[in-house]
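Enquirer: Quick one: this structure, given as structure tokens, is what I'll be asking you about.
The values are calculated or read from the model by the stated rules, or taken from the named source; none is laboratory data. The model shown is predicted, which means the values in this text are computed figures rather than measured ones. Cβ coordinates were reconstructed from backbone atoms using ideal geometry, including for glycine residues, and neighbour counts include every protein chain displayed. We work out accessible area using only protein heavy atoms, side chains counted, and drop any ligands, DNA or RNA first. Shrake-Rupley method; radii C 1.70, N 1.55, O 1.52, S 1.80 Å.
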Amino acid sequence: MSSDGDLFVVFTKEVTKQFVDQMESDHLQIIFDPSNLLNPENYLDQDYIISEFFDLLGDKIVAVHAKDFIIENGKKRKVSLGQGIINHSLVYSRLKEVKPASNVLIDPSKINETLEFLRKILNTV
């Protein structure tokens, strides 16, 4: 976990689940950011990690942060949405399954390409 001012990031689904359970609040919601769960050691298991997150916490998701990355020289490097390794088809098909009215948060850089990619993905799931 890390804390930076008002930002609170949880890096594992288990810690997130424990935190949500301990809060015992219907008002606590989650912004799901698959990039924060994945790292150079576990990214090859992303389908399992993403699916399990939805199984454990899908009902608490209020938004998904759409971003992407690649692994380069053993480290994560941010890239434009759709140019990386995140399985967006899985993320948005599971989102449609469990919380279809959720929001998608995007970074403002390369907005036209980002929106084009999201439209394509969202129209296929």
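Enquirer: Using the per-residue mean of other Cβ atoms lying within 10 Å as a proxy for protection, in what order, highest first, do the peptides 28-34, 39-45, 58-64 fall?
Expert: Taking the mean over residues of other Cβ atoms within 10 Å, the ranking is 28-34, 58-64, 39-45.
Enquirer: Please calculate how many Å² of accessible area the chain carries per residue, with a 1.4 Å probe and no DNA, RNA or ligand atoms counted.
Expert: Value returned for the chain: 62 Å² of accessible area per residue.
Enquirer: Determine the shape class of the range 39-123: with a ≥ b ≥ c the square roots of the Cα gyration tensor eigenvalues, call it rounded for a/c under 1.5, and otherwise prolate if a/b is greater than b/c, oblate otherwise.
Expert: Since a/c reaches 1.5 but b/c is at least a/b, the shape of the range 39-123 is classed as oblate.
Enquirer: For the full complex of protein chains and a 1.4 angstrom probe, list THR124, THR12 by accessible area with the highest value first.
Expert: I get THR124, THR12, largest accessible area first.
Enquirer: Given the Cα-Cα distance of LYS96 and SER51 and 0.36 nm per residue of separation, how much length would full extension add, in nm?
Expert: My answer for the length gained is 14.9 nm.
Enquirer: What percentage of the solvent-accessible surface of the range 25-100, computed with a 1.4 Å probe over protein heavy atoms, is contributed by carbon and sulfur atoms?
Expert: 48
Enquirer: Could I ask something else about it? Would you list, by chain and number, the lysines whose Cα falls below 21 Å from the Cα of LYS67, excluding same-chain residues fewer than 8 positions away?
Expert: Within the straight-line limit of under 21 Å, LYS67 reaches these lysines: LYS13, LYS75, LYS76, LYS78, LYS96, LYS99, LYS110, LYS120.
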